[in-house]
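Any read-out appearing in this document is the output of simple, stated calculations on the displayed coordinates, not a laboratory observation. Every value quoted in this text rests on a predicted model; they were computed, and no experiment measured them. Cβ placement follows ideal geometry from the backbone for every residue including glycine, while neighbour counts extend to all protein chains displayed.
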Amino acid sequence: MAEGLRERKKRQTRQYISDVATGLFLERGFEAVTVAEIAEAANVSVNTVYNYFPAKEDLFFDRSAGVADRLARWVRGRDVGESAARAVLRELRSEVEAVSPRVGLMAGYDRFMRVIHEAPALRSRLWSLQRETHEILEATLREETGAAADDPLPDLMAGQICWVHQVVFVTIGREMTAGRKPAEVSREVLVLMDDIEDLLSEKVLNYAVRGGA
């Protein structure tokens, strides 16, 4: 269904407020910028900002919804004969090999990470986002495998898969913050991912294999 004019205007307004806020955060730091200043810079009211973003942290992590369910989406979209962990490894490798901004391989990512490190509220939100990612993935694995509600395996497997994802992102963040070039970091992380896969047990690598039609 085509996007209506009203919906498009709302989306554009939301994106504009987010972009203005991000620019201020990168320039001055998260804690030094107020919602009132963001509203003034975006030429909207404070109430309008809060209508789109219930909390100040939401302005920084404005695309968190797409991040929180990313692993679950990769698992649901896995190929026939492919396990949950191998699907995530394949998708991550594809992003890293493409030097994709979606995994932090871009100029300026170091500034983004520094803003997070300097703001306890953002670090706390990041931890919550990681926890949400785990919970969504666990629920997906439970549904995909038909596991019982009291079966601990989906939770344990979600933990292993989230660990893979987290190691890749932490490594990229650290290297980019150190001033490394995206292409160089990409090559090194691809090698790291081979090492990560070697560390995973066969039980993890063969969990939730998608059957044929």
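Over all pairs of different C-alpha atoms in the stretch 147-213, the reciprocal of the mean inverse distance, the Kirkwood hydrodynamic radius, equals 14.0 Å. Distance between the C-alpha centres of the stretch 92-157 and the stretch 162-213: 12 Å, rounded to the whole angstrom. Averaging 1/r over each pair of different alpha-carbon atoms in the stretch 1-108 and inverting the result gives 16.4 Å, the Kirkwood hydrodynamic radius.
Using just the C-alpha positions of the chain as equal point scatterers, what log10 of I(q)/I(0) does the Debye formula give at each q in 0.08, 0.12, 0.15 1/Å? With one equal scatterer per Cα and no solvent, log10 I(q)/I(0) is -0.35, -0.75, -1.05.
Once the Cα atoms of helix 182-199 and of the chain are each reduced to a long axis, what angle between those two axes, in degrees from 0 to 90 to the nearest 10, is obtained? Helix 182-199 sits roughly 40 degrees off the main axis of the chain.
The long axis of helix 153-177 is offset from the longest Cα principal axis of the chain by roughly 50 degrees. Spin-label model, Leu156/Arg76: points 7 Å from Cα along the beta carbon direction are separated by 2.6 nm. A dipole drawn for the chain from +1 and -1 charges on Cβ atoms has a positive end, and of Val20, Pro54, Ala139 the residue lying farthest that way is Val20. Based solely on its DSSP helices, what 222 nm [θ] is calculated for the chain when runs of n ≥ 4 H residues each add -39,500 (n - 2.57) and the sum is averaged over all residues, nearest 500 deg cm²/dmol? The per-residue figure over the chain is -22500 deg cm²/dmol.
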